[in-house]
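The values are calculated or read from the model by the stated rules, or taken from the named source; none is laboratory data. Because the structure is predicted, anything quoted here is derived from the model rather than measured. Glycine gets a Cβ as well: all are built from the backbone with ideal geometry, and neighbour counts include every protein chain shown. Accessible surface areas use protein heavy atoms only, side chains included; no ligands, DNA or RNA. Shrake-Rupley method; radii C 1.70, N 1.55, O 1.52, S 1.80 Å.
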Amino acid sequence: TIFEKNVKPQHIQIEITEHSLIDNIAESIDAIDNLKNMGISVALDDFGTGHSSLAYLKDLPIDVLKIDRTFIHNVNNEEQKKVLLSHIVKIGQSLSMSIVAEGVETADESMVQSRAPIKKIYEVNFR
């Protein structure tokens with residue numbers, strides 16, 4: 001276990017996908033609560049690509065909302081993506097979640113962090 005290896009729980013973040021939560025939301029919330037009670041951070045990965053539901057998003061004790069690359073790719077050239085991204089960020093922030101943008105591939109896409117209060121961006125090597 002993490003305790004046997006002397007790993008501090010606050011240095012661990014578990015990533016879960018929306019799809020993995022769908023089968024039993026109540027059980028998922030209990031499992032996430034248990035992780036958080038141990039001091040482990042929990043991130044919701046690939047947000048927006050699975051069975052996104054704002055109804056359960058408000059109930060999930062998630063620390064980090066990781067926005068899927070589909071909302072980041074070519075965001076500066078597609079007004080609808082800008083609008084969606086802006087609102088996803090606002091929703092996450094209103095629920096006290098840190099926001100991470102995944103799959104940034106271009107210098108232009110990396111500018112999304114300066115225009116929205118996104119904590120981190122995960123970059124793919126770009127030139």
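Number of residues in the range 71-110 that are in a loop (DSSP other than H, G, I, E, B), β-branched (Val, Ile, Thr) and surrounded by fewer than 21 Cβ atoms within 10 Å (Cβ to Cβ): the value is 1. When we screen 25, 29 for residues that are at pLDDT below 90 and not hydroxyl-bearing (Ser, Thr, Tyr), the only hit is 25.
Annotation: residue 20 fulfils all but one of (1) at pLDDT 80 or above; (2) hydroxyl-bearing (Ser, Thr, Tyr); (3) touching a Ser or Thr at 6+ places or on another chain (Cβ under 8 Å); (4) not in a helix (DSSP H, G or I); the unmet one is (4).
Taking (1) over 14 Å from the mean Cα position of the chain (by Cα); (2) of a type in the set (A, V, I, L, M); (3) within 20 Å of residue 2 (Cβ to Cβ) in turn, residue 16 satisfies each apart from (1).
Close Cβ contacts (under 7 Å, 6 or more residues apart or on different chains) running from residues in the range 10-32 that are farther than 11 Å from residue 63 by Cβ to residues that are in a helix (DSSP H, G or I) and of a type in the set (A, V, I, L, M, F, W, C) comprise 28/21.
I'd like the residue in the range 49-70 that is of a type outside the set (Ser, Thr, Tyr) and open to solvent by 30 Å² or more (accessible area, probe 1.4 Å) and, out of all such residues, is nearest to residue 13 (Cα to Cα).
Taking the candidates together, the pick is 63.
Yes/no per residue for (1) within 15 Å of the chain's Cα centre (by Cα); (2) under 22 Å from residue 11 (Cβ atoms); (3) modelled with pLDDT of 90 or more:
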| residue | (1), (2), (3) |
| --- | --- |
| 38 | no, yes, yes |
| 76 | no, no, no |
| 79 | no, no, no |
| 85 | yes, no, no |
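For the range 28-46, the set of residues classified as out of contact with any Leu (no Cβ under 9 Å at 6 or more places or on another chain) and either part of a helix (DSSP H, G or I) or not charged (D, E, K, R) (or both) consists of 30, 31, 33, 34, 35, 36, 37, 38, 39, 40, listed by residue number. Does residue 49 satisfy being β-branched (Val, Ile, Thr) and either modelled with pLDDT under 80 or part of a strand (DSSP E or B) (or both)? When the stated conditions are applied, residue 49 passes them. Candidates in the range 52-70 are the residues that are hydrophobic (A, V, I, L, M, F, W, C) and either within 9 Å of residue 18 (Cα to Cα) or assigned to a loop (DSSP other than H, G, I, E, B) (or both); of these, the one that is modelled with the highest pLDDT is 62.
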